[in-house]
Amino acid sequence: MEKEIDYVALGMRIRKARKDHHVTQEHLGEICELSTAHIGHIERGTRIPSLDTLFRISQALGVSIDHLIFDSVAPDENMLISINSILQNKDKRKVKTFLTIIRAIADKIDEL
């Protein structure tokens with residue numbers, strides 16, 4: 001297995017979860033007993049968080065560690081999950097149109 005963790009992607013995912021929960025870096029640091037600077041480094045991918053740190057962050061933000069890690073390892077393999085989460089709160093009619101277009105493209109993919 002030759003995959004490596006993309007720590008920048010991991011940090012971006014943590015930042016997104018933090019912002020989605022309206023939590024500041026300072027508050028997340030307090031909850032996780034980490035400095036604000038350390039949270040910032042993790043979010044920028046300049047520091048590698050320990051398993052314990054990832055666990056505390058995931059618990060504080062209500063996300064799973066596997067979401068943080070595995071989406072950082074193989075984003076292409078998880079693209080359908082990402083698309084699904086993006087479409088969750090969108091206008092249902094527009095989502096239906098989008099899916100119809102995707103189906104039409106998929107049917108013709110060998111001709112592209």
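For the range 1-31, give me each residue that is closer than 15 Å to Ser64 by Cβ and of a type outside the set (Lys, Arg). Leu10, Ile14, Ala17, Asp20, His21, listed by residue number. Figure legend. Inter-residue proximity from the range 46-69: first residues assigned by TED's automatic domain parsing to the domain that holds Ala17, second residues part of a loop (DSSP other than H, G, I, E, B) and exposed (fewer than 13 other Cβ atoms within 10 Å of the Cβ), beta-carbon distance below 8 Å, spacing 6+ or different chains. Indicated pairs: Arg56/Glu33; Ser58/Ser64. Screening Ile31 against (1) closer than 23 Å to Ser85 by Cβ; (2) touching a residue at least 12 places away in the same chain (Cβ under 8 Å) leaves a single unmet condition, (1).
The values are calculated or read from the model by the stated rules, or taken from the named source; none is laboratory data. Keep in mind that what you see is a predicted model, and the values were worked out from it rather than measured. For neighbour counting, all protein chains shown are included, and Cβ atoms are generated from backbone atoms with ideal geometry for every residue, glycine included.
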